[in-house]
Amino acid sequence: MEEALISVIIPVYNTEMYLRECLETVRCQTYSNLEILIVDDGSTDGSARICKEYCDKDPRFHLIRKKNQGLGEARNTGIDHASGEYYCFVDSDDYLHPRYVERLFHNLKKYNADISMCGWLEVYEGGHTEGRVLDDAEVWGRNEMIRALCTSGPENKSVYAVLSWNKLIKAEIFRGLRFRRGFHEDEFIVTDFVLRSQRFVCTHSELYYYRQRAESIMGKTNSHNLAHLSALDAVRRRLRAFRGREYREVYPEIVRSYFENATIQYLLLKDRKNKWKLTAKVYPQFILVFIRYFYKLDRGRIRRYVRFLMSPDRYREIYWE
């Protein structure tokens with residue numbers, strides 16, 4: 001007998017083309033004790049009709065309609081209506097491995113964790129690949145989770161740590177928490193997840209299918225939108241949130257992660273049209289953080305970030321190419 005009700009929160013906005021696949025993979029989960037909350041965020045296409053179709057044929061589905069306010073507010077609305085002991089979030093243009101919920105819940109209970117995480121596959125138009133289900137698990141304490149958030153490069157674990165849609169989370173962690181509006185809402189709320197949790201478990205099993213669309217918030221259409229710089233605000237928040245003595249061991253890694261994120265965001269966002277506006281937004285804060293946390297950096301990192309300030313193009317040649 002399944003021992004817990006799990007609330008699956010699915011914000012929907014104009015994803016008619018992909019929505020049926022998403023909802024069907026949620027409906028067919030091997031773990032069946034689900035409360036499936038579909039939040040229609042003011043869709044203007046046929047999404048609402050598809051949502052109602054699933055509500056009519058499966059009593060676990062519940063449709064909540066609201067005016068369009070964005071992904072973060074749609075998730076908040078789902079949380080307000082959720083009654084499960086655990087929450088997970090699914091974006092309506094993505095879809096799930098049949099064992100997604102089962103495996104996350106199994107690991108969470110087995111390792112007595114507060115948050116259970118998994119890997120995913122990026123899916124491109126017209127493609128479909130079956131994800132691997134592995135017999136693996138890494139158990140992290142709070143410092144290990146912070147360290148995962150701060151990694152970059154080939155061994156990057158921050159992609160596991162920072163997202164909301166690859167996780168099963170105890171409902172009690174969300175008491176009083178809200179997602180922000182705008183881009184990179186996950187980057188902000190993950191700090192609260194970490195502060196309110198003690199134990200995390202991660203499997204590299206590819207259980208979530210993350211669809212790549214040009215018109216999505218994170219797609220090519222928005223690739224040079226300076227609103228992406230909000231991710232740097234989230235990283236600066238970590239500099240404040242984890243300042244205590246208990247985080248002394250990992251704090252230099254948090255500092256380095258700010259500079260790595262700042263340089264990466266700058267180089268990814270820059271084009272001919274926004275170069276000077278981007279520089280005006282990034283450089284003053286970068287310099288202030290550099291001065292404040294200079295003593296946390298080794299000589300190699302100091303030279304590296306001074307080189308970025310002097311010539312981002314030269315920095316790209318040296319460290320990227």
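The values are calculated or read from the model by the stated rules, or taken from the named source; none is laboratory data. The structure presented is a predicted model; accordingly, all values stated were derived computationally and were not measured. As a convention, Cβ positions derive from the backbone with ideal geometry for all residues, glycine included, and neighbour counts pool all protein chains shown. Heavy atoms of the whole protein, side chains included, go into the accessibility calculation; ligands, DNA and RNA do not. Shrake-Rupley method; radii C 1.70, N 1.55, O 1.52, S 1.80 Å.
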Next on the checklist: Scan the stretch 115-123 and tell me whether some residue there is open to solvent by less than 10 Å² (accessible area, probe 1.4 Å), more than 30 Å from Arg245 (Cβ to Cβ) and touching a Leu at 6+ places or on another chain (Cβ under 8 Å).
Outcome noted: yes
Item to check | Condition met for Tyr266 (in contact (Cβ under 8 Å) with a residue 12 or more places away in the chain, over 22 Å from Tyr160 (Cβ atoms), open to solvent by less than 70 Å² (accessible area, probe 1.4 Å) and of a type in the set (Phe, Trp, Tyr)) | outcome: yes
Next on the checklist: So Ser32 ticks every box in (1) closer than 21 Å to Gln69 by Cα; (2) among the small types (Gly, Ala, Ser); (3) open to solvent by 50 Å² or more (accessible area, probe 1.4 Å) but one. Which box is left unticked?
Outcome noted: (1)
Next on the checklist: Step by step: first the residues of the stretch 297-321, then only those that are surrounded by 15 or more Cβ atoms within 10 Å (Cβ to Cβ) and of a type in the set (Lys, Arg), then the one that is farthest from the chain's Cα centre (by Cα). Which residue is that?
Outcome noted: Arg307
Next on the checklist: I'd like to know if the stretch 36-47 contains one or more residues that are in a helix (DSSP H, G or I), among the hydroxyl-bearing types (Ser, Thr, Tyr) and touching a Phe, Trp or Tyr at 6+ places or on another chain (Cβ under 8 Å).
Outcome noted: yes
Next on the checklist: If a residue counts only when it is small (Gly, Ala, Ser), which helices (runs of 4 or more DSSP H) contained entirely in the stretch 242-321 have at least 1 such residues?
Outcome noted: 251-269, 275-292, 299-310
Checklist entry - How many of the residues making up the stretch 62-90 are assigned to a helix (DSSP H, G or I), open to solvent by less than 40 Å² (accessible area, probe 1.4 Å) and within 10 Å of Ile9 (Cβ to Cβ)? => result 6
Next on the checklist: With the structure loaded, tell me whether Val255 is open to solvent by less than 10 Å² (accessible area, probe 1.4 Å), in contact with a Lys or Arg (Cβ under 6 Å, 6 or more places away or on another chain) and closer than 29 Å to Asp313 by Cβ or whether it fails that test.
Outcome noted: yes
Next on the checklist: Please go through (1) under 19 Å from Leu149 (Cα atoms); (2) in contact with a Phe, Trp or Tyr (Cβ under 8 Å, 6 or more places away or on another chain); (3) among the charged types (D, E, K, R) for Arg196 and return the number of the only condition it doesn't satisfy.
Outcome noted: (2)
Checklist entry - Can Ala231 be described as hydrophobic (A, V, I, L, M, F, W, C), free of Cβ contacts under 8 Å to residues at least 24 places away in the same chain and either closer than 21 Å to Tyr305 by Cα or open to solvent by less than 40 Å² (accessible area, probe 1.4 Å) (or both)? => result no
Next on the checklist: Going by what's in this entry, would Lys281 be described as of a type outside the set (Phe, Trp, Tyr), in contact with a helix residue (DSSP H, G or I) (Cβ under 9 Å, 6 or more places away or on another chain) and open to solvent by 70 Å² or more (accessible area, probe 1.4 Å)?
Outcome noted: yes
Checklist entry - For the stretch 167-202, what are the residues that are touching a strand residue (DSSP E or B) at 6+ places or on another chain (Cβ under 7 Å), within 28 Å of Arg132 (Cβ to Cβ) and at pLDDT below 95? => result Phe193
Item to check | Scan of the stretch 1-16 for residues that are without any contact (Cβ under 8 Å) to a residue 40 or more places away in the chain and aliphatic (A, V, I, L, M), ordered by number | outcome: Met1
Item to check | Residue selected from the stretch 65-124 under the condition small (Gly, Ala, Ser) and more than 22 Å from Phe200 (Cα to Cα), by the criterion nearest to the chain's Cα centre (by Cα) | outcome: Gly72
Checklist entry - Do we have Glu53 as closer than 21 Å to Met17 by Cα, out of contact with any Phe, Trp or Tyr (no Cβ under 8 Å at 6 or more places or on another chain) and of a type in the set (Asp, Glu) here? => result yes
Item to check | Leu23 being open to solvent by less than 10 Å² (accessible area, probe 1.4 Å) and over 24 Å from Ile115 (Cα atoms) | outcome: no
